[in-house]
Structure formats: C-alpha cells, structure tokens
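First the structure, in the form of structure tokens, and then the observations on it.
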C-alpha cells in the first residue's frame, strides 16, 4: 500500500497581508521538504475543487454565499482581525476541502493506506457560520461527515494536536454522535475554548488542555493516559488527524515545547489505533505551524511515519 499526498498550486494563491503568520511561505517550505522525498510509495495527487454539496455537510448555504461574496477583486479583505481573503482565497479554500474529500475517497476505496493533505487555508477554527483563526471552511469536519454519509461508516475519530483548540471542528460536530473529536492544546490560548467540561451533545468531544511550556513528557503522558485509551474504547473505523505543528518549541504563536520526534511519536501511536480498529486507514490534513523550519521538519517527520506504516 501507499500514502497519498494531496495539494494544489491554488493553495499558494490565498494571500494574507504582509507580516501575517499564515502566509504563502508556509506551504512553500513544506513543498521544499516534500520535494526531497523520493519514496515510490508516495502517490502525489491533485486536490480537486470541492462541490458546494461537500461544504454543505458542515456549513449552511447562507454561510457559503457569504464567503463567496466576501472575496475581493484585488488586495485583501479582513473577515475578522485574523482571517483574510484575497482574490485567490476562495479557490484555495475549495481545494482544501476537495483535498480532504478526495483523501477520504482514496483511503476508503483501498487505493492508498493513508493520505496527507498539504493545503491552506487551514480549517479547524471555522465554525458552522463563523470564519475565524485563519480558517474559512471546516476541512476535517467535512472529511468526517463525508466518510460517514457517503461511505457508510459508523465511527470516525478526529485527533487534533494543533497547539490551538479546534473550536470550529468541535462546533460543527457537537451534535454528531458518530464522531469522536479529540483536541490537545495549550490552555490558556486562542481561541479560549477547549475546557475539559466541553463534552459534546453525545459525550463525543474529548478536550485535553496542556499547561503553557509543557514539553514532550507532558504531551506524551496526556496521550498515553487519556487520549489513546479513549480511542481504543471508541474503536474508530477511520482516523482523521488535524496535523498542526505549532506546538513545536520554535513556534512564535504559542508556548508548548514539542520537537519533531513528538510529532513522529503521536503519528505512530495513531497509526497503531488505525491498524487495530480501522484497517490502518488514516487521513491527515495540515493545520497550523508558523516557524518555517520547524513546520517543514515536523511535516516531514509526520509524513515519513505515514509512509513507513503504509508500506
């Protein structure tokens, strides 16, 4: 078996204002390190444009219409203090959703064992009707709903190890009993949500806050004690990953102290869960990570594990 890498040049056309941390250079840094991977098991695929029907799995039509109407003809427009659109943003966002939908299709059809969507804009902060935190559409939430509604699955797990809480994914899937959403994140930190008491309508949300300056030991201990047992009990048929690499010690937007080996370790552990319960099926999508060198190295560590485990 093999691992799919899904991306598209349109994701480079989502331009943010000068000095914005979620910038085109992030994906360029990832492309540079991906270009060094010559493993024949890496299947490179073009991310298609999503259909509105895909996005409607997570967002109402009025929200889609509002995002379409917000795209400027030139320059950039601010949807909030952090979230911007440029003339290329809408296509980029549709490619980001499309990459996730196609990744699910490729994995669940048996074409590949796992997949990684190297896309932007990211998605885990986009709520049902609110763009925020650099995010326009709920990429991973849409992937989960697509797997459930179009592939007949009954249990999908999402694990989000971005340093920021995945408030958008939680909001979209709060009333979805067929998804277990797990988020580990620094607290306190933007967006301010993610308390342990936030459990979802069907006890389907598991938040694991980490204290500022937590490092490898605290991160791994939290997963060993809390997250991995919960996933074992849940027995997911597909494992989705919101792969944010801004918990790295070098990242400028937060204060956790992980290193590349930690991202490789958690990827291994999630592949263990997938092997045991989900026929090894894993789909991962890029979220945060704002130090370019750390982002590139962490992405490579994550993808190399997927490749090794999918071989």
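The values are calculated or read from the model by the stated rules, or taken from the named source; none is laboratory data. Values in this document were obtained by computation on a predicted structure and should not be read as measured data. Backbone-built Cβ (ideal geometry, glycine too); neighbour counts: all protein chains shown.
Quick notes
- Between 140, 107, the distinction of being under 30 Å from residue 230 (Cα atoms) and out of contact with any helix residue (DSSP H, G or I) (no Cβ under 8 Å at 6 or more places or on another chain) belongs to 107 only.
- Any hit, the range 95-108, residues being touching a strand residue (DSSP E or B) at 6+ places or on another chain (Cβ under 9 Å), touching a residue at least 60 places away in the same chain (Cβ under 8 Å) and part of a strand (DSSP E or B): no
- Strands (runs of 3 or more DSSP E) fully within the range 195-311 counting 3 or more residues that are over 21 Å from residue 112 (Cα atoms): 205-210
- Selected residue [farther than 27 Å from residue 71 by Cβ, in contact with a strand residue (DSSP E or B) (Cβ under 9 Å, 6 or more places away or on another chain) and not in a loop (DSSP other than H, G, I, E, B)] from 140, 182, 163: 182
- With respect to the conditions (1) at positive phi; (2) in contact with a strand residue (DSSP E or B) (Cβ under 8 Å, 6 or more places away or on another chain), residue 205 falls short on a single one, namely (1).
- The residue that is surrounded by the fewest Cβ atoms within 10 Å (Cβ to Cβ), among those in the range 164-186 that are in contact (Cβ under 8 Å) with a residue 60 or more places away in the chain and under 12 Å from the mean Cα position of the chain (by Cα), is 164.
- Lone unmet requirement of (1) in contact with a helix residue (DSSP H, G or I) (Cβ under 8 Å, 6 or more places away or on another chain); (2) surrounded by fewer than 24 Cβ atoms within 10 Å (Cβ to Cβ); (3) over 19 Å from residue 244 (Cβ atoms) for residue 132: (3)
- No other residue among 153, 148, 79, 90 is over 13 Å from the mean Cα position of the chain (by Cα), touching a residue at least 60 places away in the same chain (Cβ under 8 Å) and surrounded by fewer than 24 Cβ atoms within 10 Å (Cβ to Cβ) apart from 153.
- Selection count where residues are part of a strand (DSSP E or B) and in contact with a strand residue (DSSP E or B) (Cβ under 7 Å, 6 or more places away or on another chain), scope the range 114-137: 4
- Scoring residue 95 on the criteria (1) under 26 Å from residue 308 (Cβ atoms); (2) under 15 Å from the mean Cα position of the chain (by Cα) leaves a single failure, condition (1).
- Residue within the range 238-259 that is modelled with pLDDT of 95 or more and farther than 23 Å from residue 295 by Cβ present: yes
- Identity of the residue in the range 1-32, more than 30 Å from residue 64 (Cβ to Cβ) and either crowded, with 18+ Cβ neighbours inside 10 Å or under 17 Å from the mean Cα position of the chain (by Cα) (or both), that ends up modelled with the lowest pLDDT: 2
- Considering (1) over 21 Å from residue 154 (Cβ atoms); (2) modelled with pLDDT of 95 or more; (3) in contact with a helix residue (DSSP H, G or I) (Cβ under 8 Å, 6 or more places away or on another chain); (4) crowded, with 18+ Cβ neighbours inside 10 Å, the lone condition that residue 304 does not fulfil carries the number (4).
- Scan the range 276-294 for residues that are in contact with a helix residue (DSSP H, G or I) (Cβ under 6 Å, 6 or more places away or on another chain), under 21 Å from residue 248 (Cα atoms) and buried (at least 23 other Cβ atoms within 10 Å of the Cβ) and the total you get is 2.
- Among the residues listed as 41, 70, 50, the single one being at pLDDT below 95 and surrounded by 14 or more Cβ atoms within 10 Å (Cβ to Cβ): 41
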